[in-house]
Amino acid sequence: MTIKKRLVIGMTGATGAIYGLRILQVLVDLPDWESHLVISRAGIMNIQHELQMKRNQITDLADFTYAVDEIGAAIASGGFATEGMIIAPCSMKTLAAVAHGFGDNLISRAADVSLKERRRLLLVPRETPLNLVHIRNMASVTEMGGIIYPPLPAFYGETKNIEQLIDESVGRILQFFGIETGLFKPWKGLNS
């Protein structure tokens, strides 16, 4: 029996639901990986608005799905081994909850578990401009070992469309978990 690597995905109400969707689309094709998904209530609204998709169209891509208030779920415990967690997109509310250890729902609790167990935690914040509280919360998460990854596009890969920009961010995000996707061209220098 093959043991799959587990990755927790949180989706919140910030703009950028396409990032969470695209991560799930990539993971569904990786037989060695298992996805565990939690979507906030605002995240569901955002999926409907930005992607014109229903909740089940997203949840059907995940191996396991949990309700945001299902605080007794497996991913709420450090005893449930995972490779870590990605919150994409990550609202400033969720960032604040993670930065201050406020596990008021399953997304912020699972993030807290990743930090306390010294597992990789990557947040994809989608807010501009940033105020000082946002920056301090990002610094706090970084000091605890989390990674703040705003999906800022790199244009050196001769990007032709928005899908390539999204894939470049998703490919780089998943690379943090050892997943090579081939979704982007890595920088090789100007003379390469």
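Derivation of every value follows stated rules applied to the coordinates shown; laboratory data play no part. Nothing here was measured: the structure is a model prediction, and the numbers come from that model. All Cβ positions, glycine included, derive from the backbone under ideal geometry; neighbour counts span all protein chains shown.
Worth pointing out:
- Of all residues in region 70-113, exactly one satisfies the criterion of being crowded, with 16+ Cβ neighbours inside 10 Å, farther than 20 Å from residue 16 by Cβ and among the hydroxyl-bearing types (Ser, Thr, Tyr), namely 82.
- Residue-level check: of (1) surrounded by 14 or more Cβ atoms within 10 Å (Cβ to Cβ); (2) over 21 Å from residue 25 (Cα atoms); (3) touching a strand residue (DSSP E or B) at 6+ places or on another chain (Cβ under 8 Å), residue 121 misses just (2).
- Number of positions in region 120-175 that are among the small types (Gly, Ala, Ser) and in a helix (DSSP H, G or I): 4
- Of all residues in region 99-119, those satisfying the criterion of being assigned to a loop (DSSP other than H, G, I, E, B) and out of contact with any helix residue (DSSP H, G or I) (no Cβ under 9 Å at 6 or more places or on another chain) are 117, 118.
- Note on region 151-180: residues that are farther than 23 Å from residue 28 by Cβ, buried (at least 16 other Cβ atoms within 10 Å of the Cβ) and within 18 Å of the chain's Cα centre (by Cα) amount to 0.
- Among the strands (runs of 3 or more DSSP E) confined to region 1-84, the ones with at least 2 residues that are touching a strand residue (DSSP E or B) at 6+ places or on another chain (Cβ under 8 Å) and closer than 17 Å to residue 119 by Cβ are located at 5-11, 33-39.
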